[in-house]
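**Q** There's a structure below that I have some questions on.
The values are calculated or read from the model by the stated rules, or taken from the named source; none is laboratory data. Please read these numbers as outputs of a predicted model, since none were measured by experiment. Please note: Cβ atoms are built from the backbone with ideal geometry, for glycine as well, and neighbour counts cover all protein chains shown.
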């Protein structure tokens, strides 16, 4: 960031830094369930955004996913953006529906193995459980409801 300031492009640059997921660090007792060892911390990915000409810092707990990054990146730059490969609009509309996550308490290499997950389907091990996020606040464990399977 200091280098971007030194060369004079920091202010007129939108910078986005995102992690692929959070981690179960057990820092927040309210995010850990005794049931199945579920921790919502896994779903608290880091997302840092420095917008054009932004100053100062703020924290925003709006529910976001990694899929919001293209929306944020194009906001105010491209009107009604569309994925050129698929023709699908680039927006966050999918978040307006039900949100489901699968959770496994034990590591299973098949979860991340491209031979098991070729891109058109996803492997779910026998120990996986499904949760539905029923409210906008991922930091409220009551908003995570275990379900049999997504609709």
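**Q** Which residue is surrounded by the most Cβ atoms within 10 Å (Cβ to Cβ), if the candidates are limited to the range 84-105 and must be touching a helix residue (DSSP H, G or I) at 6+ places or on another chain (Cβ under 8 Å) and modelled with pLDDT of 90 or more?
**A** 90
**Q** Going by the structure shown, is residue 20 loosely packed, with under 13 Cβ neighbours inside 10 Å, part of a loop (DSSP other than H, G, I, E, B) and modelled with pLDDT under 75?
**A** no
**Q** Now for a separate question. Are any residues in the range 51-61 surrounded by 10 or more Cβ atoms within 10 Å (Cβ to Cβ) and free of Cβ contacts under 8 Å to residues at least 12 places away in the same chain, and if so, which ones?
**A** Answer for the range 51-61, where residues must be surrounded by 10 or more Cβ atoms within 10 Å (Cβ to Cβ) and free of Cβ contacts under 8 Å to residues at least 12 places away in the same chain: just 54.
**Q** Do we find that residue 62 is modelled with pLDDT of 80 or more, assigned to a loop (DSSP other than H, G, I, E, B) and out of contact with any strand residue (DSSP E or B) (no Cβ under 8 Å at 6 or more places or on another chain) in this structure?
**A** The answer is no for residue 62.
**Q** Moving to a separate point now. Out of the residues in the range 30-45 that are modelled with pLDDT of 65 or more and not in a helix (DSSP H, G or I), state the one that is surrounded by the most Cβ atoms within 10 Å (Cβ to Cβ).
**A** Keep residues of the range 30-45 that are modelled with pLDDT of 65 or more, which gives 30-33, 37-45.
Retained after the next criterion (residues that are not in a helix (DSSP H, G or I)): 32-33, 37-39, 44-45.
On the way: 32: 16, 33: 15, 37: 12, 38: 20, 39: 22, 44: 20, 45: 14.
For the range 30-45, the residue satisfying everything is 39.
**Q** Here is a further query. From the list 27, 48, which one is at pLDDT below 95, exposed (fewer than 14 other Cβ atoms within 10 Å of the Cβ) and touching a strand residue (DSSP E or B) at 6+ places or on another chain (Cβ under 6 Å)?
**A** Numbers: 27 fails: touching a strand residue (DSSP E or B) at 6+ places or on another chain (Cβ under 6 Å).
The conditions single out 48.
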